[in-house]
1. Hey, what do the phi angles of the stretch A:719-735 turn into as Karplus ³J(HN,Hα) couplings, whole Hz, using 6.51/-1.76/1.60 and θ = phi - 60°, x for Gly and Pro?
2. Do you know the relative contact order of the stretch A:459-579, to the nearest whole percent, from alpha carbon pairs under 8 angstrom that are 6+ apart?
3. For chain A, what does the helix formula give at 222 nm: sum of -39500 (n - 2.57) over DSSP H segments with n ≥ 4, over the residue count, nearest 500 deg cm²/dmol?
4. Probe 1.4 Å, all protein chains in place: accessible area of A:Met753 in Å², nearest 10?
5. Note the buried accessible area between B and A here, summed over both chains, with a 1.4 Å probe, in Å² to the nearest 100.
6. Add +1 for every Lys or Arg and -1 for every Asp or Glu among the other residues with Cβ under 11 Å from the Cβ of A:Asn641, and state the total.
7. Using +1 on the beta carbon of Lys and Arg, -1 on that of Asp and Glu, and nothing else charged, what's the dipole of the protein assembly as shown about the Cα centre, debye to 20?
8. Can you pull out the trypsin sites (Lys or Arg not before Pro) in the stretch A:260-354 whose DSSP state is coil and whose Cβ has at most 13 other Cβ atoms within 10 Å?
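The values are calculated or read from the model by the stated rules, or taken from the named source; none is laboratory data. Just so we're clear, the structure is a prediction, and the values are computed from it rather than from any experiment. Here Cβ is always computed from backbone atoms with ideal geometry, including for glycine, and neighbour counts include all displayed protein chains. Ligands, DNA and RNA are excluded from the accessible area calculation, which covers all protein heavy atoms including side chains. Shrake-Rupley method; radii C 1.70, N 1.55, O 1.52, S 1.80 Å.
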Amino acid sequence: MKEDWQDEIDSHLEMRGDWNQAQGLPPDAAKAEARKQFGSPLRTWEDIRAVHISIWLDTLWQDTRQALRGFRRSPIFSLTAIATLAIGIGATTAVFSAVDPLLFRSLPYPGADRLVSFGFFGPIDTNEFHLAGMYLDWRTRQTAFESMTSMLPAGTCDLDASTPRRLQCVSVEANFLKTLGIAPMLGRDFLSGENQPGAPRTALLSYDLWRSQFGADPNILGHTLTLDDQQIRIAGVLPKDFEMPQLGGIDVMLPAQWSETAARAPNSTIFLRTFGRLKDGVTIEQARERLQPLFQESLKGVPPELRPEVRLVVRSLRDRQIHEVKLASWMLLGAVLALLLLACANVANLLLARATARRGELAMRAALGAGRGRLVRQTLTEGILLGLLGGAVGCVVAWSLLRVFITAAPEGLLRLNQARIDLRVLLFTLAVSILSALLFGMAPAFERPQAVFRKFLVAAQVAISLLLLTGASLFARSLQKLETQPLGFQPARLVAASFTLRRQKYRTPQAQVAFYRELEERLHRIPGAFALSDSIPPRGSMGRPYSNIRIAGHPPLQPNGGMVGFRYVTPGYFQAMGVRVMSGRSFEEAERATGVPPLVLSLTLARRMFGSENPVGQQVDLDGLGHWGTVVGVAADAKNNGLSEPAGPEYYRLRMDDSIQLGLSAVALFRTAADPDALTPWIRREIAAMDSSLPVTVTKMETRVDAYTNRPRFIATLVGLFAIFGLTLAAVGLYGVMAFLVAQRTREIGIRMAIGATPGNIAALIQKHALVWTGGGVAAGLLAAISLTRLVRGLLFEISPQDPLSLVIAAGVVAIAATLAAWIPSHRAARVDPAAALRT
Amino acid sequence: MKQDHLQGTLELVILKTLSAAPNHGFGITLHVQQASTGLLGVEEGSLYPALHRLEKQRLIQGEWKKTENARRARIYTLTAAGRQRLTEAETNWATLSKGLQKLLRFA
């Protein structure tokens, strides 16, 4: 544009120069004079641009006013279109705001794309880990990272204060924050010397703890706090929005103080979570290659039978954080985009209907001199205006939907609490609104005679709503299976009280034994079945390798058996949990005094170890350390891997009277015939009578189990909601087209009736049309469903993505909705009065 | 005279010039300068915004062509709408000046 203007000015100057020369000026002077006579080309440009802009704005304003006048003239059309778009855009915005922090928004660290989590990945844990001794080796020899750092698995500590509190305490390497690129908000970071065992202890407080416990005192630095009876100096405060890279909770950050000697000892079990910042230009793939030799070398330190099950993992911090919800997030985004597409198809349909009705108006305006370009512009303005209005109302819809999501399932999706409608989300909404407008705005360009494109749109809507319904019924059926599956234990009327003893107060074995003895005595007074355990389903405890197990008189077991979980329990465990003992017997109180500890195997473990042989009475060494014991019984499998995974092998060990093996953390279980809620204060009272500063969490087992179905329920609810929206829109769309066709064919219907067609014939004629398009849509929808639902296999529990029942339900619902939507117009057609129809 | 009146007059003069024959910006400049001293102001560049406005309103249409002097130039032609606008304006102007003449005669 600017070049063209410049060309024109140049051409003027040349011609003026020629002219001036013809008047007798020498060439140079002629050119100079021409420039003088022309004046400033820059100002000319600006003036020309101003002309173009003001004309553009004028036209825009005219188009906008005209569009708004048009909307006011047909309020039903406008309101339907805006409401449809508001649902589509609103739902899309709500889902985007929920998945944006997971999938797209950068993590809250500078240069976050270069942060990775790495380590060994084996059957012991769901995330990669490192062993301190090997980590030390890697740290000096690796070439992939600018810096690497570690933390001990998150733990708890007890804060001594007027009201004692249990806190989330994380011990880290001194360069932890530096590697993440974070500096304390107040005070200083850790110094490398503070990682030495015995160095003076310092701590960084989380922003929340600083506020709640210390009243946000700016002079807090140098003060001390007492954690686990140790005096610790406060070195600083973490920033307000600080997040641990593994997304764990944190109240206090401490320098880890494990000794290198202990780490390098042969049987060291110092586990670490390890993170690294990649060197500039090194990709994750390259980092994995560079770490491979170190990994291979470290693998030599792993027992040979475990080696095949251990691999090296290097993955982005984002993948480490969202690996469980990645698929769910993309699926929800896909589902809501399908809904948006459906909404656009619906509005396109409305626009086409209106275009037919307005054919006269447009023809008149064309005759009055409006160019084709001008008419296209007008249509486009109307579309974008509809999109923007829909988007604006959609923001309100999105905000309400987001509230619904959060209230319905706060734990439904990771970081759901961070979801909000902010500027970034609003920009997304704006883009979606305009894109939708272009999408449905193009519809009139595709229309052919006999409303072919409208029929195609209806079929597409039917197909999409069928797809959404299939998804909804798959997720609903999967959730139902998840919730009604046999757990192997009975959560009803079961209450669990969990606590962790304070390290300092119960340091000696005697103190622990005494505490548990008194606890058992006191809790036995509460009516019902009672037991103590160190952990409870549906989670397991950290296990031991299957290959370590020995059976007296049997050859060694196969390697590669994965891990075997175990729990220490008191004799009442099976009765209290409701786990069935299938053969042999349960533990007995008398066995706790002395002697060889008896063992109960889970069915899976018993089958794997003994096949068809009878396990009861066998002598086994389950940890490979020479702790031989007798198998006294086999118990049914109980879920110990969450609800969606099959139960893994595990065994039960009787907690002996003098045992300290329960450790500092324990769970007390009560099966009661009475109201479980009534038990809670009683349990609390008994424990408080022994140690009033001990925090206890008492929950009904049903609540605990429910927590495991939060995400599937969230997914099923959302997709169900979208399916209902989608079905409604598709039905409205079908109804609209049918009603339009009936109106258009009133004369034809009148003629048919005049020559003898019955009202039944006419209704059948209209319904046949509806049947053809919905049939096509259903067929396309089924094809799409069969090919797309495979992608969400990972989100389904014990149900095939091609589950025939789900497909049948979805197709049935669509068919019923379509029949209803077609019924009203077809009956209106049947009531056409031939005389009236033919006279008009 | 106020600037927009002047502008309106300039546009009218452009239309009138083009009604005789299609012409380029420089040709129009010469014609306007001869026909009405001072209307364009001192700077010849001020003709172009007016040309662009007229073109946007589809009263004239420009096209790149070669002149008889073998220079490339954008030649403007009056469109049907432009011709109509000119006729209207001339009628209005005639009515107005007739009214003025009467007024002046009786004043």
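1. Residue by residue, the stretch A:719-735 yields 5, x, 4, 5, 5, 5, 3, x, 5, 4, 4, 5, 5, 4, x, 5, 4 Hz.
2. Numbers: 77 pairs, mean separation 34.6, N = 121.
So the answer I get is 29 percent.
3. Working: 26 runs with 437 residues, N = 840.
Helix-only estimate at 222 nm: -17500 deg cm²/dmol.
4. Accessible area of A:Met753: about 30 Å².
5. Chains B and A together bury approximately 2200 Å².
6. On the way: positive: A:Arg539, A:Lys639; negative: A:Asp637, A:Glu645, A:Glu650.
Local charge sum for A:Asn641: -1.
7. Values: 103 positive and 80 negative charges, 677 e Å.
My answer is approximately 3260 debye.
8. On the way: sites: A:Arg264, A:Arg273, A:Arg277, A:Lys279, A:Arg288, A:Arg290, A:Lys300, A:Arg311, A:Arg315, A:Arg318, A:Arg320, A:Lys326, A:Arg354; in loops: A:Lys279, A:Lys300.
Here the trypsin sites (Lys or Arg not before Pro) that fit, given the DSSP loop and packing criteria, are A:Lys300.
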